[in-house]
Structures are given as structure tokens and as C-alpha cells.
1. Summarise the accessible area of region 35-224 (1.4 Å probe, protein heavy atoms) by the percent that is carbon and sulfur.
2. Evaluate E = 1/(1 + (r/R0)^6) for Ser128 and Arg66, where r is the Cβ-Cβ distance and R0 equals 22 Å; express this FRET efficiency to the nearest 0.05.
3. Just the accessible area per residue of region 35-224, please: how many Å² with a 1.4 Å probe?
4. Report ³J(HN,Hα) in whole Hz for each residue of region 56-71, in order, from the Karplus equation J = 6.51 cos²θ - 1.76 cosθ + 1.60 where θ = phi - 60°; Gly and Pro get x.
Amino acid sequence: MTSFNWYSNSKDSNRDNHDTTSPYFSHLFTSAADLQLRFLCPSDLDQVKDLCKEWFPIQYPEAWYRDITSDPRFYSLAAVYQSKLVGLLIAEVKQSDAINKEDKGILDGRMYSNCTVGYILSLGVCSSFRRQGVASLLLDSFLNHVTQTENQICKAIYLHVLTMNSAAIRFYEKHYFRLHSFLPYYYSVDGKCKDGFTYVLYINGGHPPWGLLYPFLETILKYRFIH
């Protein structure tokens, strides 16, 4: 694997499957207006494909690139600097009953049978623009979207991340995502099986299923795999 990025990767997609005046912005940005956010469009397909191949260890199918650049069900946001894409966030909001089997425990199905959840498929930033708040800007935009009044039925945002991707884990924990579950052999990277984590951020009054074990799960898994 190459250098660690601010990213999460969706195994699902492989199967088919701020404030711009922040001090984190360095001299690369001569003004706040230099960095803009916009949604992806079909003409971005080739550039998105090149960036994803550079950033992520997972090989996405051609249909995935077409979907995220044209299908409105995806929240496909780009950070653009001087007409070039320098950061991407790909997410979707879906019904809670559409959560895959391995993530069913994110919400209590009895309490949240008619809600939605946000799923972050991918988040990445070009190497020369990292640690300047670009990833946070993209994530904050999605968080603002799912916490607006009309989206109050969205009760959680979740994602999958490689256990070895410590940079991404630190980033998401900084933004209050919490470890939910360990996914053994979840990823296939260069023909080898790799473990993953599910991370969750509860929003709009959502919370995990009640149980005796949940409060201790995060501590146990972090001690075993992160430290």
C-alpha cells in the first residue's frame, strides 16, 4: 500500500460497489475563494478515475465511476482549486433497512425502522493539499446536509476503513466518529484479505442499540488493533 490518505473505502462499491478562512489553509490558497466546492458531473469521470486509482488500494468498477458522476442518489462533492479536483467525498443517504448485514447493528431496528443513514463511500485529498482543512471542509458539507431540518430522519453516518489506515482513523475520531465494529478480512487489497473497522457518527438524536457490551467494544478493539 502507498502512503496513508484521509480516506475511507467502501467494500460495497467494490462489489458493484468550515470555514475556508481557517488557519489550516496555508500559502497554497491565496484567498478563500481559490478553493471551491461543487458536485461532480459526467465530464469529471476521467479525472475522478485517475485520482481514485492514485489514492485508494481498492479497484472500483467502471460502473461505479459512472454512477458517482451522474446518479443524483450519490452526494458526490469535489473540492476544486484552479479548475482541478483536489479532494473528493462520495456518500449516499439510504433507508436504514438497506444497511448491509455486517452493519445491521449500527441502529436499533425496533426504534429506527423508518429512518435513513448516511454512508461515506470514499474521502480523499491530493497529497499537496492535505493537512490544510480540505477533508474537513468536504466532510462538514455532508454533515450540514444530513442535519438540515428536512433530513432529521437521518440518524447516523457510517463508513468502513482499513484497520491499518491510522491517518484516516485519527481524522474521523477527531470529527467524533466512534469505532463500532471490527470486520475481519473485509477488504481485498492486491489479492490479499485485509481487516476493516466500521466507524459511526450518531446525529439527529440517533444512538446505537442498547446493550451491556457496546460501551466496552470501542476500548477493547482500539487497544488490540490501533495501539
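1. Of all accessible area on region 35-224, carbon and sulfur atoms account for 54 percent.
2. Numbers: r = 28 Å, r/R0 = 1.27.
Taking R0 as 22 Å, the efficiency between Ser128 and Arg66 is 0.20.
3. 48
4. Ordered by residue, 3J(HN,Hα) equals 10, x, 9, 8, 8, x, 4, 4, 5, 5, 5, 5, 6, 9, 9, 7 Hz.
The values are calculated or read from the model by the stated rules, or taken from the named source; none is laboratory data. What you are looking at is a predicted structure, and each value in this text was computed from that prediction instead of being measured. Backbone-built Cβ (ideal geometry, glycine too); neighbour counts: all protein chains shown. Surface accessibility is based on the protein's heavy atoms, side chains included, excluding ligands, DNA and RNA. Shrake-Rupley method; radii C 1.70, N 1.55, O 1.52, S 1.80 Å.
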